[in-house]
Amino acid sequence: MTRFLTRTRAKGRMDITDILTWVWLILGTAVIAIPIGWAILSSVKPEAEINSFPPTFLPRAAQELVIEGYDKPLPAYSLDEEGGGARLVGLVRRIGLVATVVDPAAPGERFKVEAERLTKQTELHAQWSNYTDPLERFAFMTYLRNSVFVTAVATIMTLLLNSMAAFALSKYRFRGSNTIFVLILSTLMLPLSVIMVPAFMVIVGLNLADNLWGVIFSTVATPTGVFLLRQYMLTIPDDLIEAARVDAASEFRIYWRIILPLSAPALAVLAIFSVIWRWNDFLWPLIVLSSPENYTLQLGLNAFQGQFTVQWHYILAMTVVALLPVTVIFLFLQKYITEGVASTGVK
Amino acid sequence: MSDLSNDQPPHGHTPKGRKLSAMLDRALEHVMAVIEWPFSLLQRVIGLRRMPYVFVLPNMILFGVFVFVPVLLAIAYAFTGGTNLLIWERPFVGFDNFARLLNCGSFLDPASCELDLFWTAVFNTGWYTVFNSAGTLVVALITALVLQRLTRGKTFFRAVFFYPVLLSPVVVALIWKWFLARNGLLNAVFADLMGERVIFMLEVLWSRFWVVYVSIWFHMGFYTLIILAGLQAIPRDIYEAALIDGTSRWRQFWRLTLPLLMPNLLVVLVLLLIRSVQAFDEVWVLSDGGGPGTANTFIVQFIYETAFATDVRLYGLASAASVLMGLGLLLLTLFQLWLAKKVET
């Protein structure tokens, strides 16, 4: 801790601060990666494996043998030979302490052995049905569709409306512009949790309760977006606009043809944030949406995990599905996101 | 939009991709032409000088309907009773809701209050706020200092530490719920070392510990980035001067880095306090609705459940609790402004 601020270091020598730095980095990486990695690994384990303790590290399932003359594959066991060694057999049936097994090398003959000589065989196995089942049998496809719809529509509307407001607030001098800007900024300080009851009443009054549009409309106007875009647009020279006006371009054309293309970097940052906000949003959709066919993925996941019998193999698979889009966005746009956060102080 | 057929094809772009993007361009062109028409018409009618109002209007309508009106309503609701959602059908009850919330034998003992759940939530939130803010600040500061030191791999580790911030609260809660479950990985280690399993989220102290731990794990990367930005803004020649003077690194940290970083750290601390007071999502899912018992029931959960998750929906009481919390947050914000001014001078 004391020496973290060394700027100059002897080349090729590790001193104590270097060691502490790397200990912190590696430990931190492990602390972050292990729970996520564990959830991802577990998401492809079969149900029996999920419920067993102590857990196995890699996803495994009971090995099965396809043996001639048997309709179904037989569970594989390793049989301890009396003279030492072991061989692989398929279990036909088991009654008490006696098991009937068959050797895959000689499918014709069954023989009886003591059950205690058998050990169950497992093999590496990824249970992809954990992913496909919830999408088919439960309503997860609906949740997924709702989430994509809300995220896409709200992001497009946010980009359009916020950039229009930012354009007006950065490129015009008009009465009340400062008041409007301060009003918008003041809502930055105002958390949803303070106004959720009356905000819900407004939703009911507009007949948008239990409606995806209720979630969309109420989150489109963001103070963060207006602020971020306005600051960026202030750097665009006014001469461009004057020149366009001389050419008799309408104000909307100026906004659309000059300001928007030039604001692309700021728009991109806002688009990334907007997608992440909407995809991850929880409390407000929880209040607005009440029937399961309108749930977003987050609400569906929460409802599913709250059920009496917790089906972890499905929950974990759907958790991974919920985490995937954000992860992909981050992998590709990591630089823009971290720089956007550092420069604006929002997330 | 530029005429794409005349451009040099960008590296790696297939002709098919170019055709597609040209098609999208044209489609967008048509859409915008349709939107442009009413705007130009409007401009001809009202004149150029009033156009900025047209541009801010859609945003301001949405702000008004979904933010400004609710703020006023929140205060109005707090003074009404009954279970009807429609404000004009609710009886005015004066300060009754506030009186009920504040009706306590002793403010230090939630059990002596009429609404003991509210006060339990206040105390839980208070302790959580203290531990979460302090913990996150320390971890984020150390991480930022470590990252600042790196010459190689900085971008990579910054990304690693930031990644959890982008996950959804439900996803984070479920990942940890599974990790801490009876059959979870942590219990495998625990059973190995201690001989028995612990059901972490069913024990008061353990569950509180993990709630704070998961919160730090979740949000730490965000604050690390802000502190890192502050560190990068400190001019390097100050350190060079200190080096020439032979200042020890320990002294450097306490005498140079920390004071120069102070304004930044204060912003982080107040942000942390404000966000901790409003904690809900991941805590609620992780602790199965504030459990065990009410050990992790926070204020926002009280408001949410009073208003939306019971048969008798007490909107007035919930609003009164919201207003109290809003006042607390306002005080924190004013405190920040005051501090910021003080640090500056």
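The values are calculated or read from the model by the stated rules, or taken from the named source; none is laboratory data. Just so you know, these numbers come straight off a predicted model, no measurement behind them. Note that we place each Cβ from the backbone using ideal geometry, even for glycine, and neighbour counts take in every protein chain shown.
Could you look through segment A:296-325, keep only residues that are farther than 20 Å from A:V44 by Cβ and within 9 Å of chain B (Cβ to nearest Cβ), and pick out the one that is modelled with the lowest pLDDT?
Of all residues in segment A:296-325, those farther than 20 Å from A:V44 by Cβ come to A:296, A:298-300, A:302-303, A:306-309.
Filter again for within 9 Å of chain B (Cβ to nearest Cβ), leaving A:298-299, A:302, A:306.
Details: A:Q298: 93, A:L299: 93, A:N302: 91, A:G306: 78.
Restricting to residues being farther than 20 Å from A:V44 by Cβ and within 9 Å of chain B (Cβ to nearest Cβ), the top hit is A:G306.
Restricting to segment B:80-94, what's the tally of residues that are farther than 20 Å from A:G205 by Cα and surrounded by 12 or more Cβ atoms within 10 Å (Cβ to Cβ)?
Result for segment B:80-94: 1.
Give the residue, chosen from A:I216, A:I259, that is within 13 Å of chain B (Cβ to nearest Cβ), more than 24 Å from the chain's Cα centre (by Cα) and closer than 29 Å to A:M189 by Cβ.
After applying the criteria, what remains is A:I259.
Is it the case that A:A166 is in the same structural domain as A:S290 (by TED's automatic domain parsing), buried (at least 23 other Cβ atoms within 10 Å of the Cβ), more than 22 Å from the chain's Cα centre (by Cα) and under 18 Å from A:F273 (Cβ atoms)?
On the way: in the same structural domain as A:S290 (by TED's automatic domain parsing): yes; buried (at least 23 other Cβ atoms within 10 Å of the Cβ): yes; more than 22 Å from the chain's Cα centre (by Cα): yes; under 18 Å from A:F273 (Cβ atoms): yes.
Spelling it out, A:A166 is indeed in the same structural domain as A:S290 (by TED's automatic domain parsing), buried (at least 23 other Cβ atoms within 10 Å of the Cβ), more than 22 Å from the chain's Cα centre (by Cα) and under 18 Å from A:F273 (Cβ atoms).
Looking at A:E339, A:E293 in this structure, which one is more than 7 Å from chain B (Cβ to nearest Cβ) and farther than 30 Å from A:A199 by Cα?
Working: A:E293 fails: farther than 30 Å from A:A199 by Cα.
Matching residue, one of A:E339, A:E293: A:E339.
Provide a single number: the residues in segment B:270-285 that are more than 9 Å from every other protein chain (Cβ to nearest Cβ) and outside any helix (DSSP H, G or I).
Within segment B:270-285, residues that are more than 9 Å from every other protein chain (Cβ to nearest Cβ) and outside any helix (DSSP H, G or I) number 1.
So, in segment A:115-165, of the ones that are among the hydroxyl-bearing types (S, T, Y) and under 20 Å from A:V44 (Cα atoms), which residue ends up modelled with the lowest pLDDT?
Filtering segment A:115-165 for residues among the hydroxyl-bearing types (S, T, Y) gives A:119, A:122, A:129, A:131-132, A:142-143, A:147, A:151, A:155, A:158, A:163.
This time we only want the ones that are under 20 Å from A:V44 (Cα atoms), so: A:122, A:129, A:131-132.
Numbers: A:T122: 76, A:S129: 81, A:Y131: 87, A:T132: 86.
Residue satisfying both the conditions and the ranking: A:T122.
Tell me whether segment B:145-168 contains one or more residues that are assigned to a loop (DSSP other than H, G, I, E, B), among the aliphatic types (A, V, I, L, M) and under 18 Å from B:V214 (Cα atoms). So that I can check it myself, show each step before the final result.
Within segment B:145-168, the first condition is being assigned to a loop (DSSP other than H, G, I, E, B), and the residues that meet it are B:150-153, B:167-168.
Those left that are additionally among the aliphatic types (A, V, I, L, M): B:150, B:167.
From what's left, under 18 Å from B:V214 (Cα atoms): B:167.
Looking for residues that are assigned to a loop (DSSP other than H, G, I, E, B), among the aliphatic types (A, V, I, L, M) and under 18 Å from B:V214 (Cα atoms), one finds at least one in segment B:145-168, hence yes.
Name every residue in segment B:174-202 that is assigned to a helix (DSSP H, G or I) and either surrounded by fewer than 21 Cβ atoms within 10 Å (Cβ to Cβ) or not assigned by TED's automatic domain parsing to the domain that holds B:W217 (or both), in order of residue number.
At the first step, the residues of segment B:174-202 found to be assigned to a helix (DSSP H, G or I) are B:174-179, B:185-194, B:200-202.
Once the filter is applied, which keeps residues that are assigned to a helix (DSSP H, G or I) and either surrounded by fewer than 21 Cβ atoms within 10 Å (Cβ to Cβ) or not assigned by TED's automatic domain parsing to the domain that holds B:W217 (or both), segment B:174-202 yields B:F179, B:L186, B:A188, B:V189, B:F190, B:A191, B:D192, B:L193, B:M194, B:L202.
Within segment B:290-313, work out how many residues are more than 24 Å from B:T333 (Cα to Cα) and either assigned to a helix (DSSP H, G or I) or out of contact with any Gly (no Cβ under 8 Å at 6 or more places or on another chain) (or both).
Matching residues across segment B:290-313 total 15.
Considering only segment A:136-158, I want to know if a residue exists there that is surrounded by fewer than 20 Cβ atoms within 10 Å (Cβ to Cβ), within 13 Å of another protein chain (Cβ to nearest Cβ) and assigned to a helix (DSSP H, G or I). First the steps, then the outcome.
Narrowing segment A:136-158 to residues surrounded by fewer than 20 Cβ atoms within 10 Å (Cβ to Cβ): A:136-139, A:141-142, A:144-145, A:148-149, A:152-153, A:156-157.
Pick out the ones that are also within 13 Å of another protein chain (Cβ to nearest Cβ) and you get A:156-157.
Restricting the remaining residues to those that are assigned to a helix (DSSP H, G or I) gives A:156-157.
The answer is yes; a qualifying residue exists.
Quick one: B:K177 ticks every box in (1) within 30 Å of A:Y336 (Cβ to Cβ); (2) within 9 Å of chain A (Cβ to nearest Cβ); (3) touching a residue at least 24 places away in the same chain (Cβ under 8 Å) except a single one, so which number is it?
(1)
Step by step: first the residues of segment A:34-50, then only those that are facing chain B (nearest Cβ under 10 Å) and loosely packed, with under 14 Cβ neighbours inside 10 Å, then the one that is nearest to B:I142 (Cα to Cα). Which residue is that?
Only one residue fits best here, namely A:I34.
Residue pairs, Cβ under 7 Å, 6 or more apart or interchain, first in segment B:249-269 and within 11 Å of chain A (Cβ to nearest Cβ), second in a helix (DSSP H, G or I) and surrounded by fewer than 16 Cβ atoms within 10 Å (Cβ to Cβ). List them.
Filtered contacts from segment B:249-269: B:L256/B:I238.
Condition first: among the hydrophobic types (A, V, I, L, M, F, W, C) and farther than 11 Å from B:V56 by Cα. Now tell me which residues in segment A:163-183 satisfy that. Talk me through it step by step, then tell me what you get.
Going through segment A:163-183, the residues among the hydrophobic types (A, V, I, L, M, F, W, C) turn out to be A:164-169, A:174, A:180-183.
The answer is A:F174, A:V182, A:L183.
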